[in-house]
1. What's the extension gain from residue 185 to residue 382 if we count 0.36 nm per residue and subtract their Cα-Cα distance?
2. How big is the shadow of the Cα convex hull of the range 173-219, averaged over all directions, in nm²?
3. Treating the beta-carbon of each Lys and Arg as +1 and of each Asp and Glu as -1, no other charges, what is the dipole magnitude of the chain about its Cα centre, to the nearest 20 debye?
4. Once the piece of chain linking residue 397 and residue 237 is laid out straight, how much longer is it, given 0.36 nm per residue of separation minus the C-alpha distance between them?
5. Let's test the formula: R0 of 51 Å, r as the Cβ-Cβ distance of residue 306 and residue 18. What FRET efficiency results, to the nearest 0.05?
6. Based on the Cα atoms of the range 335-457, what semi-axes does the equivalent ellipsoid have, where each is the square root of 5 times one gyration tensor eigenvalue, given in whole Å with the largest first?
7. What list of ³J(HN,Hα) couplings, whole Hz, do you get for the range 136-149 from phi and the Karplus terms 6.51, -1.76, 1.60, once you set θ to phi - 60° and write x for glycine and proline?
8. Which residues' amide hydrogens lie under 5 Å from the amide hydrogen of residue 206, considering only partners 5 or more residues apart or on another chain, with H built in the peptide plane?
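Just so it is clear, none of the values below were taken in a lab; they were calculated from the coordinates. Here the structure is a predicted model, which means the values were calculated and not measured. A quick note on method: Cβ atoms are made from the backbone with ideal geometry, for glycine too, and the neighbour counts reach across all protein chains shown.
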Amino acid sequence: MSNNKIIDKSCCGPGYASPSEAIKAPSEKLLYTIAIYTGTGIQKPDYLATIDVDPDSTTYSKVIHRLEMPGIGDELHHMGWNACSSCHANSEMSRKYLLIPGVRSNNIHIIDTATDPFAPKIHKVIKGSEIKSKTNLSGPHTVHCLGSEIIISFLGNAKGEAPGGYLHLNKDFEIVGRWENSMGDIPFSYDFWYQPRHNVMVSSEWAAPNTFMPGFDLEEVGHLKYGRRLHIWDFKKKEPVETMYLGEDGLIPLEVKFKHDPNSSHGFCGAALSSNVIHFWKSKEGKWKWEKIIDVDNEPHPDWPIPIPGVMSAILVSMDDRYLYLNNWLHGDMRQYDITDPHNPKLTGQVWMGGLLGKAPIINGVKIAGGPQMYQLSLDGKRMYVTTSLFSTWDNQFYPDIRTQGGAMIMIDCDVENGGMKINKDFIIDFGKEPNGPSRCHESRYPGGDCTSDIWL
């Protein structure tokens, strides 16, 4: 389905001159969201859902287009743009393509979102078999624009064993090879973010694909099969130079986010299992330091032999660097913290959706299966879109009802002046009612860039 509306082209292209310019960009009208059938029992391809988020539109809060992938069983997970604000000065570049890897298939789907933003189409597919044969990598995860080129973190080698590495693509989406010159002593890969003015990249750790893909086993954490470190890289030399061992405070450190201010060295990581936020920064002496700044307590549950951890699977920093958002996937809450002083965050907002603690209300007539998992914030920081699926086998393990109910997306209104969060009652996407049966939704992106894409040189 196409749509005859016109997208404001000022929000498309090679990003923005600065974070403050990004904040002033026009409000998002469209949202691209990954939707999966992998792991649901429905033998249909995963797809990219285009959602109308223009409140003045007749199709507001609806899926208006579904782009199916060529094969079945990809497990689409994360995605990223071919260009961001790091190539703002390059007039030959535009934010035209979404790169969507399949974690299980290792295929990378290059999606043209510019020809018709309302009906994206497949531009190219890089086969997982080619990636394995040329780079010995599998389990693609995070996609970042690298000036005019692209790097993608991979969690394993061709056999699904850690530590994986980084795939380097040129602007024409051809395989250049491995990006890194060395993985050093890094045991696991996951997410990464770079801050060029400090010549630094920071990467985090999940586990080998062979470990996390079948499901979660707590004993494997004790057997050191899951990560507990952050790694500091020399960005220019493309090699790790320092490791921060987080220990029990940083069990399964997942998403890494620097502040958007390119001069800042302050960054954050959410540790999923220990449910902590780790703050890291470069001291005046030029040394990298870290501290635990948020600690979410485990909660008792009558059906669990141990208290339930929050499982903080994602974090996000607002474009103005004032607020940090985190989720507790098993508890069922989203939180907003004021990080004006990054050493002393202050809780300013909290809402409940899904979760295992029974604290979440029914939202717009929909009982949420799963918990708050992935989320994307508008550039002005006022609207947050939250989805509920983490990973198919983990979903099935902790939230078996999601098989029949499907995932959901809700919108949270965020108070950027005083702090605070409130679920918007006029918006919900029930992926349990999709044409081919209940699907699950994961990461989201806006055509004009978002709070988890743009990096400034």
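1. That pair, residue 185 and residue 382, stretches by 66.8 nm at full extension.
2. Across all orientations, the range 173-219 yields a mean hull projection of 5.5 nm².
3. 660
4. Full-extension gain reported as 53.5 nm.
5. 0.65
6. Each semi-axis is √(5λ); the values are 26, 17, 14 Å.
7. Coupling constants for the range 136-149: 6, 10, 8, x, x, 10, 8, 10, 10, 5, 10, x, 9, 10 Hz.
8. Long-range HN contacts for residue 206: 189, 190, 227.
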